[in-house]
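The values are calculated or read from the model by the stated rules, or taken from the named source; none is laboratory data. Because the structure is a prediction, the values reported are computed rather than measured. Positions of Cβ are generated from backbone atoms using ideal geometry, with glycine treated the same way; all protein chains shown enter the neighbour counts. What goes into the accessible areas is simple: the full protein's heavy atoms, side chains included, and nothing from ligands, DNA or RNA. Shrake-Rupley method; radii C 1.70, N 1.55, O 1.52, S 1.80 Å.
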Amino acid sequence: MMFIRSFVFFFGVLATLLLGWAALVGIPDIMISEVKPPEGLERYTAEELFGRQIYIREGCLYCHSQQVRPEGFGADQDRLWGRPSVPADYVYDRPHLLGTMRTGPDLMNIGVRQTSVSWHMLHLYDPRLVVEESTMPPYPWLFEVKRTAGPDEYILDVPGNRVPEGKVVVATPEAEALVEYLLSLDRSFDAPQREVTNDDDE
Amino acid sequence: MTQESKTNVNEATERAKAFHQHETMDDTELRIKIDESVTSQTAIFFATSLFWLLIGSIFGLIASYKMHWPDWLGEYAVLTFGRIRPAHLNTVAYGWISLAGAGTLLWMTSRLTRVPLQWGWMLYISAFLWNVGVAFGTAAILFGYSRGMEWLEFPRIAGAIIAVGFVFFALPILKTFVRRKVKHIYVSLWYILASVVWFPLLYLTANFGHYQGVVEAGMNWWYGHNLLTVWVTPIGLAIAYYFLPKVIGRPIYSYYLSLLGFWSFALFYNWNGIHHLIGGPLPTWLVTVSIVASVMMVIPVLAVAVNHHMTTFKHFNMLKYSPTLRFTVFGAMSYTAVSLQGSAMALRSINEVTHFTHYTVGHAHLGVYAFSTMLLFGAIYYIMPRLSKWEWPYPRLVRLHFWLTAIGVIIYVVALTIGGWYQGLNMNNSDVSFIDSVVKTIPYLYLRSLGGTLMVAGHLIFIYHFVLMVKRAGPRRFAPPWFKKPVEESAV
């Protein structure tokens with residue numbers, strides 16, 4: 001009797017967890033693995049992937065989401081952050097960077113909204129140079145202050161007299177890759193017609 | 001002390017005696033034997049958990065200050081917000097809560113099965129591996145090797161070390177359960193047994209599964225929320241179910257409610273995770289399933305709430321005396337609050353405002369701090385004197401610890417709840433510029449830092465007191481550190 005009871009208990013406990021896994025992970029995995037990469041979505045280049053690693057390393061995802069909400073749910077559409085995101089937008093994303101926080105704005109289409117390399121460089125070096133009220137941290141370790149820049153190096157146009165006399169601020173390869181990645185964030189192409197999984201647009 | 005409260009305490013003592021009257025002298029001896037069988041293992045888990053509590057809460061405080069002083073310590077890569085914040089979450093979740101929880105669970109398991117702990121040597125390996133895993137994983141985050149998924153930032157190697165450590169924790173618990181000398185299995189033990197089966201499965205699926213794109217996001221939040229389902233919440237509920245009746249001296253209000261509470265909890269809770277992705281690019285049915293399950297959580301929550309609060313009801317006067325009870329009741333009440341809030345937050349209309357804001361962070365701390373952490377404090381206050389055979393030397397420090405953490409977390413949660421809601425309304429109103437939605441949260445973020453500072457001050461006092469106790473410094477006491485004096489105590 002006691003044995004049967006224990007068996008039922010452990011069986012029940014296992015079953016509840018596996019059911020939840022099947023519903024929330026297993027079945028969606030089967031359904032969504034059929035999603036094809038849409039036309040217009042390009043694979044990340046090696047440099048963009050390196051930039052994406054920097055994005056992860058510095059924890060950008062803790063303040064910036066990469067998912068645009070549909071009309072009627074929040075103000076993403078009014079803020080012109082791009083069309084609502086669909087599963088096909090993420091086929092090349094691993095790990096996913098959907099994010100859960102918007103201490104800063106959504107970045108799903110930042111490559112469309114802000115195309116200026118110099119803006120991004122200054123913004124990473126010290127966000128308050130370009131957005132006075134920003135609460136974003138600075139990332140000085142992505143830059144180097146030195147006497148002369150190499151031939152291929154990007155020199156920042158830092159306003160004011162912050163840089164010591166006779167020195168220049170140049171972007172490290174990490175900063176260049178990160179900006180490259182940010183500029184690649186563009187999901188302005190048309191969403192694939194009839195998303196297999198979304199019944200919203202019917 | 002008033003005459004009335006003295007009578008109340010005497011009554012409670014009488015009731016406690018009546019409740020335990022079937023026990024003989026052998027029971028006390030057995031309990032001592034049981035406690036001795038887990039002493040060093042539990043103490044190791046507790047001591048290392050306090051180390052992580054200290055580290056983790058300092059990380060949290062730095063992250064909190066940085067939200068309103070973004071240039072503070074701005075030149076150090078390892079301390080940047082995006083690294084220190086996940087380091088905070090992982091050290092408090094896998095270090096503090098997990099290790100303190102493990103220590104409590106193994107002690108309770110022995111007590112509830114009424115046999116000395118079996119295979120106790122495995123727990124040394126467990127504690128060692130677990131600490132190594134957390135240390136390695138935390139260093140990896142700080143030095144830039146995070147996996148980039150919330151709750152799963154530790155590199156896979158660190159995950160594997162922790163998983164093996166967990167197996168060495170689960171085996172002694174299961175072995176002790178098999179050897180049990182009781183017929184009736186108390187509800188706390190259900191939660192313990194379920195969690196030792198659930199946790200390894202969940203942790204392995206999440207750390208070693210391969211998924212792409214949005215499925216990975218789904219898996220991420222199935223895992224993230226389930227860490228609460230299978231581990232953090234069962235620890236808290238096992239503690240509340242154990243200590244409320246124990247300290248009050250009355251049996252739990254209803255066996256059937258605890259049964260209903262447990263199985264509805266097991267059924268509904270692990271379907272909740274996708275409510276973290278409402279409005280996101282996932283199949284609508286998937287999000288809806290999680291919303292429904294989140295609302296269904298009202299059933300287990302009310303079952304547990306009625307059970308706990310009816311047990312405590314009419315005995316609130318005892319909160320004046322017992323430190324353990326005060327922390328436990330605070331935790332049990334927070335559980336009801338945070339769970340009902342969570343169900344509400346899963347509703348699309350509310351989530352539209354709260355998602356992507358500090359409101360969620362407030363909710364998380366109402367759960368993991370006001371509920372779990374406060375219950376763990378209460379449990380450690382009760383268990384440690386029984387292991388070390390030395391009472392807490394200074395009741396005043398216990399009182400200070402309680403008020404600093406209680407007031408601190410209340411300020412914290414209230415500030416972020418109001419500030420986060422306001423932030424959400426601004427964010428959803430395109431007449432307000434986005435940067436304004438950020439700037440307007442800053443006063444609330446200062447308040448959050450204030451609350452956090454009080455909480456950390458409480459931790460420092462607690463850790464100091466813990467060290468005094470272990471070193472047997474301070475006055476020797478022969479009674480628990482009652483806040484008031486229900487019975488005569490003497491300091492030698």
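Among (1) over 22 Å from A:Tyr181 (Cβ atoms); (2) surrounded by 15 or more Cβ atoms within 10 Å (Cβ to Cβ); (3) within 12 Å of chain B (Cβ to nearest Cβ), there is one condition A:Met136 misses while meeting the rest; what is its number?
Of the numbered conditions (1) over 22 Å from A:Tyr181 (Cβ atoms); (2) surrounded by 15 or more Cβ atoms within 10 Å (Cβ to Cβ); (3) within 12 Å of chain B (Cβ to nearest Cβ), the odd one out for A:Met136 is (1).
Only one of (1) facing another protein chain (nearest Cβ under 9 Å); (2) within 24 Å of A:Ile155 (Cβ to Cβ) is not met by A:Ala23, so which one is it?
All conditions are met except number (2).
Quick one: would you say B:Leu61 is of a type in the set (A, V, I, L, M) and within 18 Å of the chain's Cα centre (by Cα)?
Details: of a type in the set (A, V, I, L, M): yes; within 18 Å of the chain's Cα centre (by Cα): no.
In short, no.
Can you pull out the residues in region B:269-303 that are part of a loop (DSSP other than H, G, I, E, B) and away from chain A (no Cβ under 11 Å)?
B:Met297
Can you pull out every residue in region A:116-128 that is of a type outside the set (Gly, Ala, Ser), touching a residue at least 12 places away in the same chain (Cβ under 8 Å) and open to solvent by 50 Å² or more (accessible area, probe 1.4 Å)?
Scanning region A:116-128 gives a single hit, A:Val117.
If you go through region A:62-82 one residue at a time, how many are within 17 Å of B:Ile278 (Cα to Cα) and out of contact with any Asp or Glu (no Cβ under 8 Å at 6 or more places or on another chain)?
3
When B:Ile192 is evaluated against the numbered criteria (1) touching a Pro at 6+ places or on another chain (Cβ under 8 Å); (2) β-branched (Val, Ile, Thr); (3) closer than 23 Å to B:Leu99 by Cα; (4) at the interface with chain A (Cβ under 10 Å from one of its Cβ atoms), which criterion, by number, is the only one it fails?
The failed condition is (4).
Taking the criterion of being open to solvent by 10 Å² or more (accessible area, probe 1.4 Å) and of a type in the set (Gly, Ala, Ser), would at least one residue in region B:241-261 satisfy it?
The answer is yes, given that some residue of region B:241-261 is open to solvent by 10 Å² or more (accessible area, probe 1.4 Å) and of a type in the set (Gly, Ala, Ser).
Does region A:84-115 hold any residues that are assigned to a loop (DSSP other than H, G, I, E, B), more than 7 Å from chain B (Cβ to nearest Cβ) and open to solvent by 40 Å² or more (accessible area, probe 1.4 Å), and which are they?
If the condition is that a residue be assigned to a loop (DSSP other than H, G, I, E, B), more than 7 Å from chain B (Cβ to nearest Cβ) and open to solvent by 40 Å² or more (accessible area, probe 1.4 Å), then A:Pro84, A:Tyr92, A:Gln114, A:Thr115 are the ones that fit.
So, of the residues in region B:74-125 that are β-branched (Val, Ile, Thr) and either open to solvent by 10 Å² or more (accessible area, probe 1.4 Å) or within 14 Å of chain A (Cβ to nearest Cβ) (or both), which turns out to be nearest to the chain's Cα centre (by Cα)?
Step by step, filter region B:74-125, then rank; the result is B:Val92.
Out of A:Val131, A:Val163, report the one residue that is over 21 Å from the mean Cα position of the chain (by Cα) and open to solvent by 10 Å² or more (accessible area, probe 1.4 Å).
A:Val163
Give me a count of the residues in region B:131-145 that are open to solvent by 20 Å² or more (accessible area, probe 1.4 Å) and assigned to a loop (DSSP other than H, G, I, E, B).
2
Of these, B:Val289, B:Val301, which one is under 30 Å from A:Met31 (Cβ atoms) and in contact with a Phe, Trp or Tyr (Cβ under 8 Å, 6 or more places away or on another chain)?
B:Val289
Taking the stated definitions as given, is B:Leu174 part of a helix (DSSP H, G or I), facing another protein chain (nearest Cβ under 10 Å), more than 25 Å from B:Met297 (Cβ to Cβ) and open to solvent by 10 Å² or more (accessible area, probe 1.4 Å)?
yes
If you check B:Met374, B:Met384, B:Met427, which single one turns out to be touching a Lys or Arg at 6+ places or on another chain (Cβ under 7 Å) and in contact (Cβ under 8 Å) with a residue 24 or more places away in the chain?
Result of the check over B:Met374, B:Met384, B:Met427: B:Met427.
What are the residue pairs meeting all of these: first residue in region B:277-301, first residue more than 24 Å from A:Gln66 (Cβ to Cβ), second residue of a type outside the set (S, T, N, Q) and open to solvent by 50 Å² or more (accessible area, probe 1.4 Å), Cβ atoms under 6 Å, and 6 or more apart or on different chains?
These pairs meet every condition: B:Ala293/B:Trp271.
Which one of these is at pLDDT below 95 and not aliphatic (A, V, I, L, M): A:Gly51, A:Gly40?
The match here is A:Gly40.
Of all residues in region A:1-14, count the ones that are part of a helix (DSSP H, G or I) and more than 9 Å from chain B (Cβ to nearest Cβ).
Adding up the residues that qualify gives 5.
If the requirement is being free of Cβ contacts under 8 Å to residues at least 40 places away in the same chain, assigned to a helix (DSSP H, G or I), surrounded by 18 or more Cβ atoms within 10 Å (Cβ to Cβ) and of a type in the set (A, V, I, L, M, F, W, C), which of these qualifies: B:Val413, B:Val467, B:Val409, B:Val438?
B:Val438
Within region A:30-73, can you find the residues that are in a loop (DSSP other than H, G, I, E, B), touching a helix residue (DSSP H, G or I) at 6+ places or on another chain (Cβ under 6 Å) and either open to solvent by 30 Å² or more (accessible area, probe 1.4 Å) or within 9 Å of chain B (Cβ to nearest Cβ) (or both)?
Residues satisfying the conditions are A:Val35, A:Glu58, A:Gly59, A:Phe73.
Filter region B:196-211 down to residues that are in a loop (DSSP other than H, G, I, E, B) and either buried (at least 20 other Cβ atoms within 10 Å of the Cβ) or among the basic types (Lys, Arg) (or both), then give me how many there are.
1
Could you grab me the full set of residues in region A:183-202 that are over 12 Å from A:Pro38 (Cα atoms), surrounded by 12 or more Cβ atoms within 10 Å (Cβ to Cβ) and at pLDDT below 90?
Correct list: A:Val196, A:Thr197, A:Asn198, A:Asp200.
How many of the residues in region B:316-358 are assigned to a helix (DSSP H, G or I), within 14 Å of another protein chain (Cβ to nearest Cβ) and open to solvent by less than 30 Å² (accessible area, probe 1.4 Å)?
Initial filter on region B:316-358 (assigned to a helix (DSSP H, G or I)): B:316-320, B:323-345, B:348-354, B:358.
Subset that is within 14 Å of another protein chain (Cβ to nearest Cβ): B:345, B:348-354, B:358.
Of the ones still in play, those that are also open to solvent by less than 30 Å² (accessible area, probe 1.4 Å) are B:345, B:351, B:353-354, B:358.
So the answer is 5.
Open to solvent by 10 Å² or more (accessible area, probe 1.4 Å), under 23 Å from A:Glu133 (Cα atoms), assigned to a helix (DSSP H, G or I) and not polar (S, T, N, Q), is that true of B:Ile461?
no
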